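Here is the structure we will look at.
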Amino acid sequence: MTISTPTTDCIATDRSGITENRHFVHAAITDSTGRLLLAVGDPHRVTLLRSAAKPAQGVAILETGCFERFPGLDDRDLALVCASHSSESVHVGRASGMLKIIDAGEGDLACGGHPSISEVVNRGWIRADYVPSAIDNNCSGKHAGMLAGCRALGTELQGYHSPDHLMQVRVKNLVEELSGLEGDEVRWGIDGCNLPAPAMPLHNMARVYAVVAGAADSVSKSEESGPKILSSSSSRTQALSRVFHAMSSYPELVGGHGRFCTELMRAFKGALIGKVGADGCYGVGVRASEATKRLGAVGAIGIAVKIEDGNLAVLYSAVAEILERMKIGSEEIIGALKAFHRPEISNTAGVVTGGYSHMFEVRGLV
């Protein structure tokens, strides 16, 4: 009996030309109206956003008014709220500073410690015999932001991570609005950092990112035509735009030295935001441009990517390849991501033994 293995919609890795692994890719690309434009694999795959939900969570935190209540907080802190940081001193120091500003302490954080995402930081911790704690968690900025939101709302800090806490109810409602889904259409699990994390079809996740990027365009156009009185809806747009600009302006706080999120946003210089989620999930919000118009998009676009087996190196390669296929960014910009886009596989002697092959199509739907 012969069993055939699918060879499409995947990234293959090889050694000496021999295929070793196939990592299956799913992606959805929508415009600001939520219309599905392009896809790879199954664009409707229900996916846990994990930390790719942080831009939306950041908007919910902003809308509590905590940045007005605590003027010591600024857009660098907002970038850290949206981060899966590397626990570098700049990250941990800023998270600690946020707690001090809102009169909270590390003991109020509901997340735990874990090894740093950065190997360099980990080696330093090992040499110092340092045991990481909650403030070192890659999500400590988001948790500090949640606590700031609680302070602004006048609700208790204890239990802020529970699904029925007012802070999380506000996050839930906002995620539903941005994704275009209602009630049980968004499913919720508990993330690695102990906060609720939404799950939804990839095309709805892409819509969230398109809305965030579209808001950055809308606010820029409004500012060009002069100041305007804000309605409640434009207040939402302002919050979405502020999250976009915080992330794109301070990418080193969203990730860290040598991290894909940081290098992606640096390369595109304000044209997009990108955020990883654990286990092979990624979201990109791209501002409107001639490139997005060529795709038939109305306004900004959102891209949501999931690697079926959760491999992060493959995920970053897939995101870069999808951007290149869509002609989002120049050759120079995509070239700046070469180490992630087309990584070489080397052995312990430093000999290059293989690489990545992008065996998928970005197919049109409109």
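The values are calculated or read from the model by the stated rules, or taken from the named source; none is laboratory data. Keep in mind it's a predicted model, so treat the numbers as computed, not measured. Note: ideal-geometry Cβ built from the backbone for every residue, glycine included; neighbour counts use all protein chains shown. These area figures cover heavy atoms from the full protein model, side chains too; ligands, DNA and RNA do not enter into them. Shrake-Rupley method; radii C 1.70, N 1.55, O 1.52, S 1.80 Å.
Figures for the structure shown
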item: Any chance S87 is touching a Ser or Thr at 6+ places or on another chain (Cβ under 8 Å) and surrounded by 23 or more Cβ atoms within 10 Å (Cβ to Cβ); result: yes
item: Residue check, I117 in a loop (DSSP other than H, G, I, E, B) and open to solvent by 40 Å² or more (accessible area, probe 1.4 Å); result: yes
item: Residue list for the range 263-279, filter: part of a helix (DSSP H, G or I) and over 11 Å from F340 (Cβ atoms); result: M265, R266, F268
item: Residues being out of contact with any Leu (no Cβ under 9 Å at 6 or more places or on another chain) and surrounded by 21 or more Cβ atoms within 10 Å (Cβ to Cβ) - total across the range 179-195; result: 3
item: Filter pass, G256 being part of a loop (DSSP other than H, G, I, E, B) and open to solvent by less than 40 Å² (accessible area, probe 1.4 Å); result: yes
item: In the range 90-114, the residues that are among the hydrophobic types (A, V, I, L, M, F, W, C), over 19 Å from L195 (Cα atoms) and open to solvent by less than 20 Å² (accessible area, probe 1.4 Å); result: I102
item: Long-range neighbours under 8 Å by Cβ, at least six apart or interchain, first residue more than 13 Å from V284 (Cα to Cα) and at pLDDT 95 or above within the range 309-334, second crowded, with 17+ Cβ neighbours inside 10 Å and of a type in the set (S, T, N, Q); result: V314/T13
item: Meets criteria (of a type outside the set (D, E, K, R), open to solvent by less than 10 Å² (accessible area, probe 1.4 Å) and more than 15 Å from the chain's Cα centre (by Cα)) for H358; result: no
item: Residue within the range 158-176 that is part of a helix (DSSP H, G or I) and within 18 Å of V276 (Cα to Cα) present; result: yes
item: Criterion violated by A28 - all others in (1) open to solvent by less than 10 Å² (accessible area, probe 1.4 Å); (2) more than 24 Å from A246 (Cα to Cα); (3) part of a loop (DSSP other than H, G, I, E, B) satisfied; result: (3)
item: Residue pairs meeting the criteria (Cβ under 7 Å; at least 6 apart or on separate chains; first under 14 Å from A210 (Cβ atoms), in the range 177-188; second open to solvent by 30 Å² or more (accessible area, probe 1.4 Å) and part of a helix (DSSP H, G or I)); result: L178/V211; S179/R207; G180/R207
item: Helices (runs of 4 or more DSSP H) contained in the range 43-100 and holding at least 2 residues under 16 Å from N138 (Cβ atoms); result: 54-62, 75-81
item: Failed condition for L109, given (1) touching a His at 6+ places or on another chain (Cβ under 6 Å); (2) in contact (Cβ under 8 Å) with a residue 60 or more places away in the chain; (3) among the aliphatic types (A, V, I, L, M); result: (2)
item: Matching residues in the range 149-178 - criterion: being of a type in the set (V, I, T), out of contact with any His (no Cβ under 8 Å at 6 or more places or on another chain) and surrounded by 15 or more Cβ atoms within 10 Å (Cβ to Cβ); result: V171, V175
item: Meets criteria (open to solvent by less than 50 Å² (accessible area, probe 1.4 Å) and at pLDDT 95 or above) for T47; result: yes
